[in-house]
Amino acid sequence: MKKFDLIKLPFNKENPITVQVLGICSCLAVTAQLKPAVVMAISVTVVVALANLIISLLRNTIPPRIRIIVQLVIVSTLVILVNQVLMAFVYDVSKQLSVYVGLIITNCIVMGRLEAFAMTNKPLDSLLDGIGNGLGYGIILVILGFVRELFGRGTLWGYPIIEKLGLYNIGYENNGFIIMAPMALILVGIIIWIQRSHDKELQEK
Amino acid sequence: MEYFNIFIKSVFIDNMIFAFFLGMCSYLAVSKTVKTSFGLGVAVTFVLLITVPVNYLIDKYLLSPGALSWLSPSLAGVDLSFLSLILFIAVIAAIVQIVEMVIERYSPSLYNSLGIFLPLIAVNCAVLGGSLFMQQRGYSNIGEVTCFALGSGIGWLLAIVGIAAIRERLRYSAIPPALKGVGITFIITGLMGIAFMSFMGIKL
């Protein structure tokens, strides 16, 4: 496989969320606003890329019977580092993300890529695969965060864009429902619908 | 009464799936038939019921700020809470392993029906999420924590059995080809979530 494909494929044909259906929990929970979504996307990308690299370097020395626990230890160490960095530099966002930073440990994307790719491939390829999957996950988070913040609160990155455009004066109202939990699920359903009607290969059965 | 309140709250209002999206991966992957999803739900409830109280004790007597003062007064200033993530996941992985061995030894029939799901549970976000919420919400004693763990597990079981029953019927309906499988499951989960929102604000 070409190196460039490792980065490119997760954006569309092998997207972790819409095609592989991994890592849904955090994708839905942190996307009520754009800023936490972007921070979460960066954190997950860093963790997947580094975990992939480390596991790939160690892949010949890990006994297969205890590989899950070794992976968990490496991933949770990385997540603790990310958590400390977030608390030090963007404290307000880290409060908003609450338990979902810790839950990167059990994010299925991380474990899935470690099992499916890093255990059998070279370090450089694994690093690229990690970056690609992290970004493919990130793009869905950014789309969801953008839609939900714009239509739910009328702001983008905290900037009151609808108010500045003067749409409230002509009778526009925010759709508060879209920042509630169930709408996130329905929005992901719609994204999957759009993607699969463009790309017939991805349809099931 | 407080215990019952926490239990009802974690089953319906703070439902793991509909309010916090925890354990979505296995929820989507294993909800094809009612039978297997019931098995997974029972396994998750069981593991939550053991791991959350154990992690509560670890948090209370080892990790939270000043927790080590029972060992000696000079340790009162120690704060190990940054270690909680790695210790919680280690406890969960270890307990899942032990539970698997115990069930295999004493109840082979239960092992055969749960067996394949147990290793999956170590990396189920609902289980780690249960421990992290327990830490964040600051329950005051182990009874409350146990009620919370049992309620969360049963809420998860309820959600996965519900969606599995709907998906069994969906096989006979005409869904647009692009929505088949995962897409329609997301949308139905969203609709179920809206239904569960009506429990919001109920207090016993």
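Which entries in the list B:Lys35/B:Lys180; A:Lys122/B:Lys35; A:Lys8/B:Lys35; A:Lys35/A:Lys164 go over 31 Å, if you measure between the two C-alpha atoms of each?
Details: B:Lys35/B:Lys180 21 Å; A:Lys122/B:Lys35 41 Å; A:Lys8/B:Lys35 39 Å; A:Lys35/A:Lys164 20 Å.
From the list (B:Lys35/B:Lys180; A:Lys122/B:Lys35; A:Lys8/B:Lys35; A:Lys35/A:Lys164), the Cα-Cα distance tops 31 Å for A:Lys122/B:Lys35; A:Lys8/B:Lys35.
Applying the criteria of a DSSP loop state and at most 10 other Cβ atoms within 10 Å to the trypsin sites (Lys or Arg not before Pro) of the stretch B:109-204 yields B:Arg171, B:Lys203. What the Kirkwood sum gives for chain A is a hydrodynamic radius of 18.0 Å, with every pair of different alpha carbons counted. Take each residue in A:110-117, count the other chain C-beta atoms within 10 Å of its C-beta, and the mean is 1.
Exposed loop sites here mean chymotrypsin sites (Phe, Trp or Tyr not before Pro) with a DSSP loop assignment and at most 14 other beta-carbon atoms within 10 Å; chain A contains its longest site-free run at A:1-156. Ignoring the sites themselves, chain A has its longest run without GluC sites (Glu not before Pro) in a DSSP loop having at most 16 other Cβ atoms within 10 Å at A:1-172.
Working out 0.36 nm times the residue gap between A:Asp5 and A:Glu173, then minus their Cα-Cα distance, what length gain in nm do you get to one decimal?
On the way: separation 168, 0.36 × 168 = 60.48 nm, distance 4.30 nm.
Contour length minus the Cα-Cα distance gives 56.2 nm.
Values in this text are rule-based calculations from the coordinates and carry no lab data. Nothing here was measured: the structure is a model prediction, and the numbers come from that model. Here Cβ is always computed from backbone atoms with ideal geometry, including for glycine, and neighbour counts include all displayed protein chains.
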